[in-house]
2 protein chains.
Amino acid sequence: MNMKKVVNIENPLNEKTDELIKKSLRKNRVIEIFGKCVIEYEGRASSHLGLGDRLILLKPDGTLLVHTKNQREPVNWQPPGSRHYCKTKDQKLVVISKRKSPEEKLVIEFFDVFSISSLDLVDEEELELNRSEEEMGDLLVEKPWIIEKGFSVIKREKETELGYIDLFGEDDRGNKVIIELKRKRISLSAVSQLKRYYDSLKNKYTNLRGLIVGPSVSEKSKNLLNEHGLEFVKLKPEACELGTDLTEYIDN
Amino acid sequence: MNMKKVVNIENPLNEKTDELIKKSLRKNRVIEIFGKCVIEYEGRASSHLGLGDRLILLKPDGTLLVHTKNQREPVNWQPPGSRHYCKTKDQKLVVISKRKSPEEKLVIEFFDVFSISSLDLVDEEELELNRSEEEMGDLLVEKPWIIEKGFSVIKREKETELGYIDLFGEDDRGNKVIIELKRKRISLSAVSQLKRYYDSLKNKYTNLRGLIVGPSVSEKSKNLLNEHGLEFVKLKPEACELGTDLTEYIDN
DNA sequence: ATCTGGATTTCGATG
DNA sequence: CATCGAAGTCCAGAT
């Protein structure tokens, strides 16, 4: 069953780890290092991280991740496209990752290495993700009556001077309608975004409405919508999955 | 030197891996699994990921990460605070992670396991990060003349009806000044944000200016600033680090 | 290369 | 718990 070759050193000696990492980098393997280290970063920002235990992950696409025992986010990293190097200096393993444009450099100095594994990962599958904002758009193009009776879509992703409008359409009285879709509760910045689109088209269309569509809206956002004469339409992203009962919208 | 105990199985048998993972979870270790798996997610969104090789990371704070050989971002994950479980079903290792509020569930079914390591990571260090937007604020509070001659800061993080203003101050002619700080090139949404703050205070102060401070500004954003009567002031975040030569601002 | 906006954003601060 | 905005955001798509 386990025909896959895992290179694994439990108590790595520095002279050997150096070699192993270099070879694994050449072979485009994913490399994982548990170790005690100090980290310096210099680039878009700059940072210093004192001595501690971390897990370092080197990916064949040039990604480098430094994970601590907490948090979803890496404490330090290099984005895809970086170049990784490694050497032994003063008896210590040093891993360096650089990229250009923007110029960025990460230096990891190991004071102890607990474990190294490296492996060729084969993965051709792509993630199928549902309930995105895009799916909300798909649903409304197909069933525009969910917005309101008589509504019709003219254009998806309409470009304006000031950004892209999710849906542009027309109501049963001939008003043009700008629709901004959100899969989460409506925030102030979402309202500002809609207002910006509205302003960019209000000179072009005399009868113009602006709708924001999402699962809910905060109090302040609702007030701001009212001030600007914009409207809110309730629609939860989970309603946009196939086979969902939409009868609650049917009296529109 | 290597007194740290690394639990490491190179060719894990499923009966043993089950036990090892359960024990490591109890002991709050960081667990890393290389394996071939299928993944289902159901929660804020939903997703399916077909058979492929991945690296799974389980953290003691309840974070779970699934990394493929590419990208900085995990292809699937659970945020901190989730609960991890593991079992053997149909001779296959299954790892499950759940959280409530919002309800989310991730199920990883392994068809092959290549390597497992688990380790107690000790890390008390905090990251020292420089060149943040906050540091730009620190500098301008200390040296307000960088904005312009005669400018003075009245308040940091001033709250308004429609959000928090980074800096609120006054110029040498008695105009009140709203300042929005950005460490990156100014985008349309940054301008919208400043406009929102400006609108929320323009009734309160008759002589009001709105400045946006950042390293550069896009053409569209510059136009939108002009339309609204708002202003741009150039300041790079790296200038906010200690010991930087600020003579280029000194004629202000 | 830049611009634009979404994201299972995450994260921290604040009320 | 909700709101708000930054982030070395990342990332995809469009120009």
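The values are calculated or read from the model by the stated rules, or taken from the named source; none is laboratory data. If you're wondering where the values come from, they're calculated on a predicted model, not measured in any experiment. So basically every Cβ, Gly included, is an ideal-geometry build from the backbone, and we count neighbours across all protein chains shown. Side chains are part of the model used for accessible areas, which takes the heavy atoms of the whole protein and leaves out ligands, DNA and RNA. Shrake-Rupley method; radii C 1.70, N 1.55, O 1.52, S 1.80 Å.
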Q. Do we find a residue being open to solvent by 10 Å² or more (accessible area, probe 1.4 Å), under 29 Å from B:Trp77 (Cβ atoms), within 27 Å of the chain's Cα centre (by Cα) and more than 12 Å from chain B (Cβ to nearest Cβ) anywhere in region A:148-159?
A. yes
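From the list B:Leu230, B:Leu225, B:Leu211, B:Leu181, exactly one residue is of a type outside the set (Lys, Arg) and touching a residue at least 60 places away in the same chain (Cβ under 8 Å). Which is it?
From the options B:Leu230, B:Leu225, B:Leu211, B:Leu181, the qualifying one is B:Leu211.
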Q | Every residue from region A:57-80 that is out of contact with any Pro (no Cβ under 9 Å at 6 or more places or on another chain) and within 12 Å of DNA strand D (Cβ to nearest atom) | A | A:Glu73, A:Pro74, A:Val75, A:Asn76, A:Trp77, A:Gln78, A:Pro79, A:Pro80
Q | strands (runs of 3 or more DSSP E) enclosed by region A:85-132 - at least 3 residues per element that are among the β-branched types (Val, Ile, Thr) and more than 14 Å from chain B (Cβ to nearest Cβ) | A | A:92-99
Q) Which of the residues that make up region B:115-138 are open to solvent by less than 20 Å² (accessible area, probe 1.4 Å) and within 19 Å of B:Glu238 (Cβ to Cβ)? A) B:Met136, B:Gly137
Q: Taking the options A:Glu170, A:Glu109, name whichever one is in contact (Cβ under 8 Å) with a residue 40 or more places away in the chain and of a type outside the set (S, T, N, Q).
A: A:Glu109
(Q) Pairs needed: first member in region A:38-58, at negative phi and open to solvent by 20 Å² or more (accessible area, probe 1.4 Å); second member anywhere, modelled with pLDDT of 95 or more and of a type in the set (Gly, Ala, Ser); C-beta distance under 7 Å; at least 6 residues apart or different chains. (A) A:Val38/A:Gly50; A:Tyr41/A:Ser47
(Q) Against the definition (surrounded by fewer than 18 Cβ atoms within 10 Å (Cβ to Cβ), under 22 Å from A:Pro60 (Cα atoms) and modelled with pLDDT of 95 or more), how does B:Glu32 come out, yes or no? (A) no
Q.
Against the conditions (1) open to solvent by less than 40 Å² (accessible area, probe 1.4 Å); (2) modelled with pLDDT of 95 or more, where does A:Lys69 fall short? Just the number, please.
A. (1)
Q: Identify all residues within region A:48-81 that are more than 7 Å from chain B (Cβ to nearest Cβ), more than 18 Å from B:Glu126 (Cβ to Cβ) and not in a strand (DSSP E or B); write none if there are none.
A: A:Gly62, A:Gly81
(Q) What are the pairs with Cβ atoms under 7 angstrom where one residue, in region A:123-134, is in the same structural domain as A:Lys59 (by TED's automatic domain parsing) and the other, located anywhere, is within 11 Å of DNA strand D (Cβ to nearest atom) and of a type outside the set (Ser, Thr, Tyr)? Sequence gap at least six, or different chains. (A) none
**Q.** In region B:195-210, the residues that are of a type in the set (A, V, I, L, M) and crowded, with 18+ Cβ neighbours inside 10 Å
**A.** B:Leu201
Q: Would you confirm whether any residue within region B:142-150 is of a type in the set (A, V, I, L, M) and either assigned by TED's automatic domain parsing to the domain that holds B:Pro79 or without any contact (Cβ under 8 Å) to a residue 40 or more places away in the chain (or both)?
A: no
